[in-house]
Amino acid sequence: MILIAFGANMTSVWGTPSETVLMARDAMSRSGLVRVKAFSTLYQTAPLGPSQPVYVNAAASIESALSPWALLRWLKRVEFLA
């Protein structure tokens, strides 16, 4: 079982924090490298630092044939697209 956490608190090229989290999920699904088995509802959490916007968070259970290191590198590429 592979669990992935999502979070955003700033507007990105994909839109609002909620839209950014959902677009990251969709990018994972479209890739063919990862299968999203389950996705949580979006929820908000308060930031730890001062003067920051509220975070939008989610979690996913995924399957992938990628090795752990290859999966991490691929997830980092998805992250930087946002």
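The values are calculated or read from the model by the stated rules, or taken from the named source; none is laboratory data. If you're wondering where the values come from, they're calculated on a predicted model, not measured in any experiment. Please note: Cβ atoms are built from the backbone with ideal geometry, for glycine as well, and neighbour counts cover all protein chains shown. For accessibility, only protein heavy atoms count, side chains too; no ligands or nucleic acids. Shrake-Rupley method; radii C 1.70, N 1.55, O 1.52, S 1.80 Å.
For the chain, the share of accessible area belonging to carbon and sulfur comes to 62 percent (1.4 Å probe, ligands and nucleic acids excluded). Computed with a 1.4 Å probe over protein heavy atoms only, the accessible surface of the chain comes to 66 Å² per residue. Summed over qualifying helices (DSSP H, 4 residues or more, each -39500 (n - 2.57)) and divided by its residue number, the chain shows a 222 nm mean residue ellipticity of -11500 deg cm²/dmol.
The packing ranking, built from the mean of other Cβ atoms within 10 Å per residue, places the peptides 43-49, 15-21 in the order 15-21, 43-49, highest first. Between segment 6-41 and segment 51-65, the C-alpha centres lie 8 angstrom from each other. With the simple spin-label model, which puts each label point 7 Å out from Cα in the Cβ direction, the W69 to S40 separation comes to 3.0 nm.
Phi angles across segment 48-61 convert, under the Karplus curve 6.51 cos²θ - 1.76 cosθ + 1.60 with θ = phi - 60°, into 3J(HN,Hα) values of 7, x, x, 6, 10, x, 4, 8, 9, 10, 7, 9, 9, 9 Hz, Gly and Pro given as x. How would the chain be classified by its alpha-carbon gyration tensor: rounded, prolate or oblate, with rounded meaning a/c under 1.5 and the a/b versus b/c comparison settling the rest? It is prolate, given that a/c is not under 1.5 and a/b is the larger ratio.
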